[in-house]
1. Would you confirm whether or not the range 110-118 contains a residue that is acidic (Asp, Glu) and in contact (Cβ under 8 Å) with a residue 24 or more places away in the chain?
2. Looking at this structure, is VAL126 surrounded by 15 or more Cβ atoms within 10 Å (Cβ to Cβ) and not in a strand (DSSP E or B)?
3. Condition first: part of a loop (DSSP other than H, G, I, E, B) and touching a residue at least 12 places away in the same chain (Cβ under 8 Å). Now tell me which residues in the range 152-169 satisfy that.
4. Exactly one condition in (1) at pLDDT below 95; (2) within 18 Å of TRP164 (Cα to Cα); (3) more than 14 Å from the chain's Cα centre (by Cα) is false for CYS21; which is it?
5. Restricting to the range 102-123, name every residue that is assigned to a helix (DSSP H, G or I) and either over 22 Å from PHE146 (Cβ atoms) or in contact with a Gly (Cβ under 9 Å, 6 or more places away or on another chain) (or both).
6. Return the total of residues in the range 75-111 being within 13 Å of VAL63 (Cα to Cα) and loosely packed, with under 12 Cβ neighbours inside 10 Å.
7. Only residues that are buried (at least 18 other Cβ atoms within 10 Å of the Cβ) and under 14 Å from LYS111 (Cα atoms): list them for the range 130-169, please.
8. For THR101, are the conditions met, namely being among the hydroxyl-bearing types (Ser, Thr, Tyr), at pLDDT 90 or above and within 14 Å of the chain's Cα centre (by Cα)?
Amino acid sequence: MGRHRFIAVSALPLILIVAACSGGSTPSPAAASQAASSAAASASPSEAASPSASAETSETYEVKVASASIGKFLTGEDGKTLYTFKSDTAGKSTCSGDCATNWPPFTVDSKDQLKAGAGVTGALDVISRDDGSKQVTYKGAPLYYFSGDAKAGDTNGQGLFGKWFVAAP
C-alpha cells in the first residue's frame, strides 16, 4: 500500500505541470497556489530554486552540449537541459505566467555572462522579456529549463504537447 501512495504522490507534480501546459482551462488561483505549495514542500531547497541567473551576480554561464538516448542537446547552469518552445518566434518569448513557472526561462543579467562550450556552434544572445529580464537565446530561439527535470541530463520535457523540445546544437 505504501508503494502505491509514494507513486501517486510522486506523480502529482508532473500531472499538475501537464495540466497547466496542455492548453486546457486555467486552474483557479487557490488551486494553483495549493499545487505550488505542495510541489515546493516536496522539493528540496536546491530543487525549488530556479536555475536562472541571479540578478546580483556577474557569474559566467557556459552553454554546453550533452548527449543521451535522444541525441545531442544544450545544457545550461548545473548541466540542466535547455528547451525551446514551438510557439515562440525568433527573438520573442510567448511563455509567461504558469507557463514560465513550469518552464523557467534561462535568464542572465548580460550577454557578457554567456560562454559557448565545445560543440555550441550557433549564436548565443539575449532578448528582453515582458517582465524586463534578459532571456538567453540560441540561434534566435528563447531557451527554457523544465521544472520536471530533477537533475543534470534529465530530458523529461522532450516532445511534451508537441511544442517543447530539447535545444539541439
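The values are calculated or read from the model by the stated rules, or taken from the named source; none is laboratory data. The structure presented is a predicted model; accordingly, all values stated were derived computationally and were not measured. Positions of Cβ are generated from backbone atoms using ideal geometry, with glycine treated the same way; all protein chains shown enter the neighbour counts.
1. No, the conditions are met nowhere in the range 110-118.
2. The answer is no for VAL126.
3. First pass over the range 152-169, keeping only residues part of a loop (DSSP other than H, G, I, E, B): 152-159, 163, 167-169.
Scanning the range 152-169 gives ALA152, GLY153, ASP154, THR155, ASN156, GLY157, GLN158, LYS163, ALA167, ALA168, PRO169.
4. (3)
5. Let us first name the residues in the range 102-123 that are assigned to a helix (DSSP H, G or I), namely 102, 111-113.
Result: ASN102, LYS111, ASP112.
6. Within the range 75-111, the first condition is being within 13 Å of VAL63 (Cα to Cα), and the residues that meet it are 75-83, 106-108, 111.
Still in the running and loosely packed, with under 12 Cβ neighbours inside 10 Å: 78.
Of the residues in the range 75-111, 1 are within 13 Å of VAL63 (Cα to Cα) and loosely packed, with under 12 Cβ neighbours inside 10 Å.
7. Residues satisfying the conditions are SER133, LYS134, GLN135, VAL136, THR137, TYR138, PRO142, LEU143.
8. Details: among the hydroxyl-bearing types (Ser, Thr, Tyr): yes; at pLDDT 90 or above: yes; within 14 Å of the chain's Cα centre (by Cα): yes.
Yes: the conditions hold for THR101.
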